[in-house]
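Each remark here refers to the structure printed beneath this line.
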Amino acid sequence: MTLFGKRSQYSTVRVRKRDMPDGLWVKCPGCSDILYRQELDEALGVCRKCGHHFPLGRAERIAQLAEAGAFEEWDAGLRSMDPLGFTGTASYTSKLESHARRCGYPDAIACGRARIGPHAVGLGVMDFRFLGASMGSVVGEKVARLIERSTAERMPVVMCCASGGARMYEGMFSLMQMAKTSGAVARHGDAGLPYLTVLTDPTTAGVMASFASLGDVILAEPGALIGFAGPRVIRETTQQELPQGFQRSEFLLEHGLIDCVVPRSRLKATLVELLTCLVPDNPARAGAAPAAG
Amino acid sequence: MPAYTLPFEKPILELQAKLGELRRFSESQEIDVGEEIRRMEEKIAETRRRIYSTLTPWQKVQVSRHPLRPYTRDYIARMTEGFIELHGDRRYADDPAIVGGVARIDGRRVMLLGTQKGRDTKSNLRCNFGCAFPEGYRKALRLMRLAARFGTPIVTLIDTPGAFPGIESEERHIAEAIAVNLREMFRLPVPIVVCVIGEGGSGGALGIGVGDRILILEHAYYSVISPEGCAAILWKDRAFSDRAANALKLTAGDLLEAGLVDEVIPEPEGGAHTDPEATAARLREAIVRNLDALSSRPADALMAARYDKFRAMGVFGETPVPPPAPPEAPAEPPDTPADTGKDARQDKPAE
């Protein structure tokens with residue numbers, strides 16, 4: 001470009017994308033420190049300096065929680081459709097395609113059978129990178145199938161949640177996934193099986209107002225944004241100044257929603273211990289116990 | 001005549017002004033213009049019919065928010081006998097944004113509850129413009145469980161822009177309150193008839209919206225997000241609300257076509273606000289008919305059908321997955337049936 005022609009005296013170093021898959025260096029939003037990606041990955045995606053928990057992709061999360069080679073994915077063939085023919089600034093179909101290309105998988109959740117320590121569980125892992133892990137028909141269906149099949153196979157369910165809410169592009173089909181998934185949780189609970197949720201940054205709106213809130217035990221990663229409405233919406237609607245730490249894991253622990261805030265380094269051990277204490281020795285007897293409200 | 005006019009009702013208003021003139025003229029001049037008046041009245045009715053039969057989705061949203069539209073309490077007063085309001089969640093407070101209580105409809109006992117909007121500033125402040133707090137949803141659940149214990153069928157009326165997005169709401173866990181209602185409504189062993197009578201605003205509506213029959217008034221809407229919210233996200237401008245309303249497929253007709261509601265209850269010409277009596281009569285007829293259809297079902301069958309109804313909602317494709325090739329041998333053959341092909345499921349509720 002001639003306009004900037006004079007600048008050509010400075011050399012530009014271009015790093016080819018495949019040399020630097022996710023950026024070699026990452027800036028920590030917590031302490032603004034520059035972190036070496038490889039070191040960050042070795043530290044489970046947690047800043048060594050300030051403890052900020054970076055969001056995890058599904059593969060990383062599964063690798064951190066499940067025993068090596070012990071994750072068998074279910075319902076990987078489900079694909080989102082465009083039931084409303086939704087067109088806004090871009091079509092829903094083109095958004096799905098671009099996210100699938102960028103992320104390397106077709107929708108926002110991976111579900112399957114996993115082994116966590118000695119426990120066989122149904123494991124669901126949401127991935128915020130795919131359209132904000134919004135819940136459309138595919139996410140709802142996969143969650144429902146995971147919970148139903150785990151009920152049938154008498155397994156507890158561990159659900160790692162992250163989501164911006166319902167997927168607007170599927171309209172009311174999305175909203176109804178809230179009911180569908182909550183119904184599946186009810187049946188799993190009636191069968192006397194534990195359902196554990198792990199809330200990660202961020203877990204909000206339609207997902208929080210359905211299966212994410214319904215854990216028999218609700219764990220949260222430190223500093224995760226958790227709530228119904230987003231902070232911006234609340235500020236705009238009410239014109240109120242939001243309290244310090246509002247809607248963060250620690251705030252919700254203090255306000256009685258969350259059972260414990262667990263750093264990522266202890267998450268797997270905590271889940272193993274919880275499962276050991278909660279998975280009934282005799283499921284038939286536990287199933288006969290009256291369902292608690 | 002309504003003191004409040006929606007923008008697209010302007011032609012009606014103009015004709016009504018002319019009619020008024022005509023009447024005044026006739027009185028002052030003592031000239032018989034009866035024929036003209038009759039023709040003018042016909043023309044007004046015809047214009048209203050024309051406008052209301054071709055409402056756009058965004059116009060319907062405006063009708064659903066009409067300040068003279070009947071609200072939950074108006075229907076309770078017109079549809080039921082012996083309503084006794086029951087208050088409070090026995091935990092924190094009584095939320096006036098959700099009203100509930102026992103009543104009889106055509107001699108049938110019901111637990112009736114619904115979201116309540118205010119008619120003026122004072123009542124709107126009291127019931128928070130129909131936006132319920134967590135205690136509202138917890139009160140609703142308390143009353144529904146009470147009904148379930150004594151075999152009383154449940155009727156819920158939905159008219160809310162959404163659950164209240166505020167600090168107190170979050171501090172008392174509005175998301176959890178809604179989620180628990182969703183889960184527990186599947187466990188209620190009594191018939192549940194849900195009707196969207198005005199605004200069906202997202203999770204705040206669904207929080208009392210799990211039932212065996214989902215009805216909706218003709219000009220009501222039910223949406224995952226408000227058109228304004230959708231426009232603000234997609235177009236960064238609320239002025240695009242009409243386009244968002246089109247895109248969201250939120251009208252009663254759209255929802256019936258999608259199999260997400262069971263029945264659309266027609267409103268009087270010109271909308272429910274022009275004739276609350278007639279609207280209430282139609283609503284009562286639909287509620288009674290649906291309650292009666294459900295009343296003979298055994299509780300287990302009722303709950304199983306309710307689960308299947310919501311279980312079937314959703315549209316997706318399913319392609320066969322090649323058997324995984326992990327280093328370890330697969331524990332069992334892949335469960336994905338090979339014959340699903342491009343199976344776009346959009347099951348209508350099995351009833």
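We did not get these values from a lab; they are worked out from the coordinates using the rules stated. None of these values were measured; they are calculated from a predicted model. Cβ sites come from the backbone with ideal geometry, for glycine too, and all protein chains shown count toward neighbours.
Quick look at the values:
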| read-out | value |
| --- | --- |
| Beta bridge orientation in chain B: antiparallel %, DSSP, nearest 5 | 40 |
| In degrees, nearest ten, helix B:34-53 long axis to first principal axis of chain B (Cα) | 20 |
| Surface/4 of the Cα convex hull for the range B:62-311, nm² | 13.0 |
| Residue (of B:Ala239, B:Ala299, B:Pro322) at the positive-pole extreme of chain B, dipole from beta-carbon charges | B:Ala299 |
| Top of A:Val207, A:Val262, A:Val121 by mean-square fluctuation, Gaussian network on chain A, Cα under 10 Å | A:Val262 |
| Selected from A:Ala120, A:Ala68, A:Ala191 as most flexible by GNM, with chain A as the system and alpha-carbon contacts under 10 Å | A:Ala68 |
| All Cα pairs of the protein assembly as shown, percent lying beyond 36 Å | 42 |
| Sum of side-chain charges, B:Gly253 neighbourhood, beta-carbon under 13 Å (Lys, Arg +1; Asp, Glu -1) | -3 |
| Helical segments meeting 24 Å axial Cα length and Kyte-Doolittle -1.0 threshold in chain A (DSSP H) | A:171-190 |
| Size of electric dipole in the protein assembly as shown: Cβ of Lys, Arg +1 and of Asp, Glu -1, about Cα centre, debye, nearest 20 | 1060 |
| Span from the the range B:55-118 Cα centroid across to the the range B:256-323 one, whole angstrom | 18 |
| Length-normalised contact order for chain B - Cα pairs under 8 Å, 6+ apart - percent | 14 |
| Choice from A:Gly112, A:Gly215, A:Gly85 with maximal GNM fluctuation in chain A (Cα, 10 Å cutoff) | A:Gly85 |
| Angle between chain B longest axis and helix B:299-311 axis [Cα atoms, degrees, rounded to 10] | 80 |
| Cα pair count fraction exceeding 37 Å, expressed as % - chain A | 18 |
| Percent of Cα-Cα distances greater than 22 Å, calculated over the range B:153-246 | 37 |
| Fraction of antiparallel bridges per DSSP, the protein assembly as shown only, in percent to nearest 5 | 45 |
| Within 10 Å of each Cβ in B:43-52, the average number of Cβ atoms from other chains | 0 |
| Whole-Hz ³J(HN,Hα) from phi, Karplus 6.51 cos²θ - 1.76 cosθ + 1.60, for the range A:212-223, glycine and proline x | 5, 7, 9, x, 4, 10, 10, 9, 9, 6, x, x |
| Degrees between helix B:276-295 axis and first principal axis of chain B (Cα, 0 to 90, nearest 10) | 30 |
| Neighbourhood net charge (12 Å Cβ-Cβ; Lys/Arg +1, Asp/Glu -1) for B:Lys18 | 0 |
| Helix-derived mean residue ellipticity, 222 nm - over chain B, DSSP H n ≥ 4, -39500 (n - 2.57), to 500 | -13500 deg cm²/dmol |
| Cα Rg, Dmax (largest Cα-Cα span) when computed across the range B:7-54, Å | 12.0, 39 |
